[in-house]
Amino acid sequence: MIGPPRGLLVPAGAFAAAALLGTLWLTRTPGPGLAPDSMSYLGAAESFARTGSPRIPFAEWSDADSTGLLVHFPPGYPWLLGLPVTLGLSPAQAARWVQALAAGVTTATVVLLAALEAGTGAGVLAGALLLATQPLVADHYIVLSEPVFLAFLVLTLALVVRGRERPLSVGVA
């Protein structure tokens, strides 16, 4: 896959910055938003950072330990949240930054992909529509794994569309 023309990097970067900064603004104190699953993600992230084990801050009522092993969620997202926690961020702050980076990656990739396929105007329109999509904004406000999933999904789509000569990279993604 050949890199995008320089002229497309400006709108892609502008939309990525808007998504990243917008997500940080939306999740400022007292945020980010929390859902029941968020407790598992944040607890496992802190556990990963401190002990290397994905433990969550609750267990069955009959268990002797008040924590349990993360078993019903894949460990990738809590592990990703745990990386900034090892650098000293609180789990909630780590989640803010992971969500914001995911928003930036998703938005920039959509803008670039649309612009490469249909022109700069289409890329700008795609970016504006993406930032105005309320369910997408809500997903980035709440500590859930969907924003990171969407970033990887859009990157995979870009590889499928633009990286046809490298099927292994598409398969790995």
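Of the chain, which part is the longest with no trypsin sites (Lys or Arg not before Pro) in a loop (DSSP not H, G, I, E, B) and with at most 12 other C-beta atoms within 10 angstrom?
That would be 29-163.
Kindly provide the helix-only [θ] at 222 nm of the chain, computed as the sum of -39,500 (n - 2.57) over DSSP H runs of four or more divided by all residues, to the nearest 500 deg cm²/dmol?
One gets -22500 deg cm²/dmol as the mean residue ellipticity at 222 nm.
Could you work out how far helix 36-51 tilts from the main Cα principal axis of the chain, as a 0 to 90 degree angle to the nearest 10?
Once rounded, one gets 80 degrees.
What number, in percent, do you get for the relative contact order of segment 16-102 if the mean sequence gap of Cα pairs under 8 Å and at least 6 apart is divided by its residue count?
33 percent
State the percentage of accessible surface on the chain attributable to carbon and sulfur atoms; use a 1.4 Å probe and exclude ligands, DNA and RNA. Before the final figure, lay out each step's value.
On the way: 6690 of 9560 Å².
Using a 1.4 Å probe with all protein chains present, the chain comes out at 70 percent carbon and sulfur.
What angle, in degrees between 0 and 90 and rounded to the nearest 10, separates the Cα long axis of helix 91-118 from the longest principal axis of the Cα atoms of the chain?
20 degrees
Give me the percent relative contact order of the chain, please, defined on Cα pairs under 8 angstrom at least 6 residues apart.
Relative contact order here is 28 percent.
Show TRP61, TRP79 ordered by accessible area, largest first, where the area counts protein heavy atoms only and the probe is 1.4 Å. Before the final figure, lay out the partial values.
Details: TRP61 230, TRP79 135 Å².
Sorted descending by solvent-accessible area, the residues read TRP61, TRP79.
In Å², what does the accessible area per residue of segment 70-150 work out to with a 1.4 Å probe? Provide the component values of the computation, followed by the final result.
Details: 3710 Å² over 81 residues.
I get 46 Å² per residue for segment 70-150.
Counting Lys +1, Arg +1, Asp -1, Glu -1, what net charge surrounds ALA45 among other residues with beta carbon under 14 Å of its beta carbon?
Once positives and negatives cancel, what remains is +1.
Between segment 43-78 and segment 138-160, what is the C-alpha centre distance in whole Å?
Distance between centres, Cα-based: 23 Å.
The values are calculated or read from the model by the stated rules, or taken from the named source; none is laboratory data. A quick note: this is a predicted structure, and the numbers were derived from the prediction, not measured. We place every Cβ from the backbone using ideal geometry, glycine too, and count neighbours over all the protein chains shown. Just the protein is used for accessible areas: all its heavy atoms, side chains included, with ligands, DNA and RNA removed. Shrake-Rupley method; radii C 1.70, N 1.55, O 1.52, S 1.80 Å.
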